1. List, shortest first and in nm to one decimal, how far the label point of residue A:70 (7 Å from Cα along Cα→Cβ) is from its counterparts in the other copies.
2. If the label for residue B:51 sits 7 angstrom from Cα along the Cα-to-Cβ line, what are its distances to the same label in every other copy, in nm to one decimal, shortest first?
3. Calculate, for region B:52-95, the solvent-accessible area per residue in square angstrom, rolling a 1.4 angstrom probe over the heavy atoms of the protein chains.
4. Can you list the residues of region A:25-69 that have at least 50 square angstrom less accessible area with all protein chains present than in their chain by itself, probe 1.4 Å?
5. At a 1.4 Å probe, what is the % contribution of carbon and sulfur to the accessible area of region A:3-82?
6. Nearest the rotation axis from A to B, which residue of chain A has its beta carbon, and at what whole-angstrom distance?
7. Inter-copy label distances at residue B:91, 7 Å along the Cα→beta-carbon direction, one decimal in nm, shortest first?
8. Name the residues of region A:77-92 whose accessible area, probed at 1.4 Å, falls by at least 30 Å² once all protein chains are in place instead of their chain on its own?
There are 2 protein chains.
Amino acid sequence: MKDEDLAKDAGKNEDKVFKALADPSRRKLLDLLCEENGQTLNQLCEHLNMARQSTTQHIAILEAANLLSTVRRGREKLHFINPVPLHAVYERWVRKFEQQRLGLLHDLKTRLEGEEP
Amino acid sequence: MKDEDLAKDAGKNEDKVFKALADPSRRKLLDLLCEENGQTLNQLCEHLNMARQSTTQHIAILEAANLLSTVRRGREKLHFINPVPLHAVYERWVRKFEQQRLGLLHDLKTRLEGEEP
DNA sequence: TTGACATGCAGGTAAATACCTGCATATTGT
DNA sequence: ACAATATGCAGGTATTTACCTGCATGTCAA
């Protein structure tokens with residue numbers, strides 16, 4: 001696979017992660033699993049006041065973004081968080097802007113002053 | 001203002017930030033500003049292959065999320081990144097899951113082993 | 001085995017989203 | 001002043017999204 005294709009893939013995954021995190025119900029699901037990892041679908045549903053099927057769809061989106069994985073045990077499905085994509089978001093988005101943080105006000109100041117002498 | 005209201009407000013802002021970051025065009029806008037802070041609307045448009053008005057709408061969403069601020073200079077509008085909300089996302093979402101990272105595999109293992117003796 | 005339980009699958013709808021075009025307004029340089 | 005430039009505002013549409021209901025399948029326990 002070429003480098004550009006790899007970059008495209010990374011971009012697609014990143015997009016899935018951001019889209020997955022864009023919904024409050026899905027963020028709540030991650031929160032619930034953070035409190036107690038490995039909960040079943042029904043356990044998660046109890047906190048979400050929406051139909052079970054809706055929750056299932058949200059979970060599918062989180063799973064496609066690789067933010068959680070599931071394991072079947074008999075007739076139930078256990079859900080586990082995967083923190084790796086969140087860390088990737090941090091590396092790509094937070095650290096990058098963090099580094100420039102101190103420089104920003106200076107940029108603004110000099111730019112405005114420079115243009116109107 | 002009560003504590004619960006403050007929490008609600010924080011939640012709304014958080015939601016705006018995540019929704020703002022959910023679109024690839026908006027993430028690209030932040031990237032462009034990271035390369036060169038203080039660009040005008042037209043400068044930003046040149047990299048986005050969509051109508052100027054669409055870009056304006058994306059910028060409005062980023063601005064509502066407090067991810068960037070604007071300054072008018074004559075007939076142009078300069079755009080500046082604000083990294084603070086991104087850092088808030090980091091504190092709320094990345095660090096939290098980061099801490100549990102090592103515990104997760106252990107949780108999974110013990111849970112599965114415990115239930116099927 | 002059979003009834004209760006946990007989840008999967010297939011549509012259907014209302015609201016939100018991401019675009020667009022067309023026209024209006026304000027600023028600058030000649 | 002006036003033509004070019006930079007941006008603002010008002011709709012309009014196609015797609016996506018977040019829900020739902022109804023029914024099917026698989027698993028456990030008495």
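The values are calculated or read from the model by the stated rules, or taken from the named source; none is laboratory data. From a predicted model like this one, the values you see are computed outputs, not experimental measurements. Cβ: placed from backbone, ideal geometry, glycine included. Neighbour counts: every protein chain shown. Just the protein is used for accessible areas: all its heavy atoms, side chains included, with ligands, DNA and RNA removed. Shrake-Rupley method; radii C 1.70, N 1.55, O 1.52, S 1.80 Å.
1. Values, ascending and in nm: 4.3.
2. Copy-to-copy label distances at residue B:51, shortest first: 3.6 nm.
3. 50
4. With the partner chains in place, region A:25-69 has these residues losing at least 50 Å²: A:27, A:31, A:34, A:37.
5. Summing carbon and sulfur atoms, their accessible area is 46 percent of the total for region A:3-82.
6. Spelled out, residue of A and its Cβ distance from the axis onto B: A:22, 2.
7. Label-point distances to the other copies, shortest first: 2.5 nm.
8. Buried by 30 Å² or more upon assembly, which counts only protein chains, are A:80, A:81, A:83, A:86, A:87, A:90.
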